[in-house]
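So the structure is just underneath, and the comments pick up after that.
The values are calculated or read from the model by the stated rules, or taken from the named source; none is laboratory data. These figures come from a predicted structure and were not determined experimentally. Every residue, glycine as well, gets a Cβ built from its backbone with ideal geometry; the counts of neighbours run over all protein chains shown. Heavy atoms of the whole protein, side chains included, go into the accessibility calculation; ligands, DNA and RNA do not. Shrake-Rupley method; radii C 1.70, N 1.55, O 1.52, S 1.80 Å.
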Amino acid sequence: MDRTRLATVWLGGCSGCHMSFLDLDEFLIELAGKVELVYSPVVDVKEYPENVDLCLIEGAVCNKDNLELIHKIRQRTRVLVSFGDCAVTANVPAIRNQLGLGNAESVLQRAYIESAQNNPRLPQADGIVPALLKKVLPVHEVVYVDYFLPGCPPPADRIKGLVNRVLKGETLKLEGANLKFG
Ligand code: SF4
């Protein structure tokens, strides 16, 4: 039997949602027999692959790299889950939306110029440091999201509940309907 092709992605987040995923503890061993982890911060795969069955997205869409990647992910994924409050609402990364005047410039100025103790300069390096978007966005404001799994981070038992339902085919039947867990 083909195993479910699972991906987890880390956009603008603190990795706490991935830490909660690791809190699945012994369920991870069970999961390892049922899924193929095809892309994740915990595996060394550079390119998001084709034909992914389920993808958990941690973090908000903050910069141009995030934006490009989330479009690619949507094209290549059957079931996309906003995984945690930063993906669902933009949460902590979106605090900067309140500070800027429609751009990220004031935040960068404060962090890298006004607060610098030496060598003040903006982080700019084409191809290395992605440009910030004017506004931090939750994932569903950029691409269609199938399911929302809120929490900061979502507790491990709710992650397990969602993943189990997908593995049983239950959530795949609900594709197209946004379902809130918890
Ligand atoms: S939702 Fe909370 S735990 Fe998850 S990435 Fe955001 S701040 Fe971190």
Single match in Ser82, Ser115 (criterion: exposed (fewer than 14 other Cβ atoms within 10 Å of the Cβ) and hydroxyl-bearing (Ser, Thr, Tyr)): Ser115
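Within region 87-104, is even one residue part of a loop (DSSP other than H, G, I, E, B), within 16 Å of the ligand (Cβ to nearest atom) and modelled with pLDDT of 95 or more? Give the steps one after another, and end with the answer.
Filtering region 87-104 for residues part of a loop (DSSP other than H, G, I, E, B) gives 90-91, 99-104.
If we keep only those that are within 16 Å of the ligand (Cβ to nearest atom) as well, we get 90-91.
Checking which are modelled with pLDDT of 95 or more leaves us with 90-91.
Scanning region 87-104, I find at least one residue that is part of a loop (DSSP other than H, G, I, E, B), within 16 Å of the ligand (Cβ to nearest atom) and modelled with pLDDT of 95 or more, so the answer is yes.
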Going residue by residue through region 92-99, is there one that turns out to be touching a helix residue (DSSP H, G or I) at 6+ places or on another chain (Cβ under 7 Å), open to solvent by 50 Å² or more (accessible area, probe 1.4 Å) and farther than 18 Å from Val9 by Cα? yes
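Considering only residues that are within 16 Å of the ligand (Cβ to nearest atom) and either assigned to a strand (DSSP E or B) or open to solvent by 80 Å² or more (accessible area, probe 1.4 Å) (or both), which ones fall in region 142-156?
Residues of region 142-156 that are within 16 Å of the ligand (Cβ to nearest atom), as a first pass: 145, 147-156.
Once the filter is applied, which keeps residues that are within 16 Å of the ligand (Cβ to nearest atom) and either assigned to a strand (DSSP E or B) or open to solvent by 80 Å² or more (accessible area, probe 1.4 Å) (or both), region 142-156 yields Tyr147, Phe148, Leu149, Cys152.
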Out of (1) within 16 Å of the ligand (Cβ to nearest atom); (2) open to solvent by 70 Å² or more (accessible area, probe 1.4 Å), the odd one out for Gly16 is which? (2)
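Looking at the structure I just gave you, is Ile159 within 14 Å of Ile57 (Cβ to Cβ) and not basic (Lys, Arg)? Show your work before the answer.
Values: within 14 Å of Ile57 (Cβ to Cβ): yes; not basic (Lys, Arg): yes.
So Ile159 fits the description; yes.
Quick one: which of Glu26, Glu105, Glu50 is of a type outside the set (A, V, I, L, M, F, W, C) and under 23 Å from Ile128 (Cα atoms)? I'd like the intermediate steps shown before the answer.
On the way: Glu26 fails: under 23 Å from Ile128 (Cα atoms); Glu50 fails: under 23 Å from Ile128 (Cα atoms).
So the residue among Glu26, Glu105, Glu50 that is of a type outside the set (A, V, I, L, M, F, W, C) and under 23 Å from Ile128 (Cα atoms) is Glu105.
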Candidate set from region 75-91 (those that are under 12 Å from the mean Cα position of the chain (by Cα) and β-branched (Val, Ile, Thr)); member that is nearest to Val145 (Cα to Cα): Val81
In the set Asp65, Asp53, the lone residue that is within 18 Å of Val142 (Cβ to Cβ) and either of a type in the set (Asp, Glu) or part of a loop (DSSP other than H, G, I, E, B) (or both) is Asp65
Go through region 75-102 residue by residue and tally those that are in contact with a Phe, Trp or Tyr (Cβ under 7 Å, 6 or more places away or on another chain) and within 21 Å of Leu132 (Cβ to Cβ). 2
In region 41-86, the residues that are touching a residue at least 60 places away in the same chain (Cβ under 8 Å), of a type outside the set (Asp, Glu) and within 12 Å of the ligand (Cβ to nearest atom): Leu56, Ile57, Ala60, Cys62, Ser82, Phe83, Gly84, Cys86
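Would you check which residues across region 105-140 are away from the ligand (no atom under 16 Å from the Cβ), of a type outside the set (A, V, I, L, M, F, W, C) and in contact (Cβ under 8 Å) with a residue 60 or more places away in the chain and list them? Give the derivation first.
Kept after step one, since they are away from the ligand (no atom under 16 Å from the Cβ), are these residues of region 105-140: 105-135.
Restricting the remaining residues to those that are of a type outside the set (A, V, I, L, M, F, W, C) gives 105-106, 109-110, 112, 114-115, 117-121, 123-124, 126-127, 130, 134-135.
Passing the criteria: only Pro130.
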In region 19-48, how many residues are closer than 13 Å to Thr4 by Cβ and assigned to a loop (DSSP other than H, G, I, E, B)? 2
